[in-house]
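Report on the following structure.
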Amino acid sequence: MGFLARARAAVALLIRQPAGVTRLNWPVTWFQQGLALHRGGPLSFSAVFASIDRISSDIAKIPMEHWKVRPAGGRDLVRGSAAWKVWQKPNAYQTGFDLMKGLATSQLYRGNAYVYLIENGRNEVTEMHLLNPDLVSVWVSGQEVFYRVSRHPLADIQDHEFIPARYMLHPRMATGTDPLTGISPLIAAAASIAAGSSIQNHAANFFANMARPSGYLATANKLDPQKAKTLSERWTDAYAGAAQAGKTAILEEGLKYEQLTMTSVDAQLIDQLKFSIEDVARVYQIPSLFIGDVQKLSLNSAESLTRIYYSFCLMAHFRALQMRINDCFGMDTTKEYLDFATNELFRADLETLTASWAKAVQGGLATPNEGREAAFDFNAVEGGDQVFMQQQMIPITMLGHVSMPAGAGAPPSPEDVGKALDEEAKRRIARWAA
């Protein structure tokens, strides 16, 4: 942190707890309700990990752009500014992709993400450090908001420092009754996550025990406790576990094996597991296709699902992050702003991308060079910075008032076509010769 920035925040950073500071209540989250056996439980359910990884990866892969607004309208892309550079290399140990993916993962998993900003003497953000959300808490003193951070050596944060809100980028999920702390989306899918994890554990135990449910040994003979214990231990040692699969059971003392629990087919565990996966996808508003469910996939539906995924899931995240980042970086959005290049999401669909830019150029919405750069990263060509329109297009208000030249509707004669081609060839040869 720069000297001047450190000096401005010294009062808040050096004290342990400012007078009148009150800690806000923690958000109600799934792990505080006893719905998981251990803290990392939800991430062990594949649908949760896949959903968070898919959304965070798609957010992180979109580059950040810095735009300056022209006074007369329009905008210009800025390269090399401090605000742009810090998103390319936020610190010494992370790339921009790493930090953005971690930020989105923290927000989707814990409901809150905290990024500590370090400024230079010109009030430009030069470093960003992602913090562990479990080690950050929000405190309020009057109208001022502070963040108490336990420790982060890489960011030079000591034990229990209070950091003013202006130095903390804090994206959050739905806030409920507390506008300063987000709620983890997993609270809405806690029951489905618990059920899905139980099914996965059951399947692991099922196959670990030779794909046979637990059962019991029965006999008409009378057995004393010691003999029954001995027979049980011998059975377990000889036949339990995947390593013993396929061995022939030898029953003595008139023993018979009786199946006790229902099979996986009887319990319809696969259908229940599918519902759990769909419920997690519903909470994150992501089509189940994007977390591995390809049963209903077709080439015609893939493009539609991608746009649905962008419209109903990613767009809200991009918009919220853009507003939060511009506000935290102190930008006047009427003059300049940071934004995500969301067109990158559709680069993989080459056919749609080509068709859309071709229509934009033909319709006068973009120049050929803009289309070449946006669609294919091609270099600009001479004469490609002008907008083109077809000559016969006229304002709708002039329909019926413009008379067409005589013979305009008749096809050209072969002589006229030959003459036009000769003239065009001469123009091109002259231009190439120059």
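Throughout, read-outs are computed from the coordinates displayed, never taken from laboratory work. Note that the structure is a prediction, hence the values are computed from the model and not measured. Here the Cβ positions follow ideal geometry from the backbone for every residue, glycine too, while neighbour counts run over all protein chains shown.
Could you put 227, 101, 222 in order, starting from the residue whose Cβ has the fewest other Cβ atoms within 10 Å?
222, 227, 101
Averaged across orientations, what area in nm² does the convex hull of the alpha carbons in region 40-169 project?
Directional mean of the projected Cα hull area for region 40-169 stands at 10.7 nm².
What ranking of 324, 428 emerges when the number of other C-beta atoms within 10 Å of each C-beta is taken as an exposure proxy, fewest first?
428, 324
Ordered by residue, what ³J(HN,Hα) values in Hz, to whole numbers, does region 133-148 give under the Karplus form 6.51 cos²θ - 1.76 cosθ + 1.60, where θ = phi - 60° and Gly and Pro are x?
x, 6, 10, 10, 9, 9, 10, 10, 10, x, 9, 9, 10, 10, 10, 8
Given a Förster radius of 56 Å and the C-beta distance between residue 373 and residue 222 as r, what FRET efficiency does 1/(1 + (r/R0)^6) yield to the nearest 0.05?
0.05
Could you please rank 178, 377, placing first whichever residue has the fewest other Cβ atoms within 10 Å of its Cβ?
Ordered from fewest to most neighbouring Cβ atoms within 10 Å, 178, 377 come out as 377, 178.
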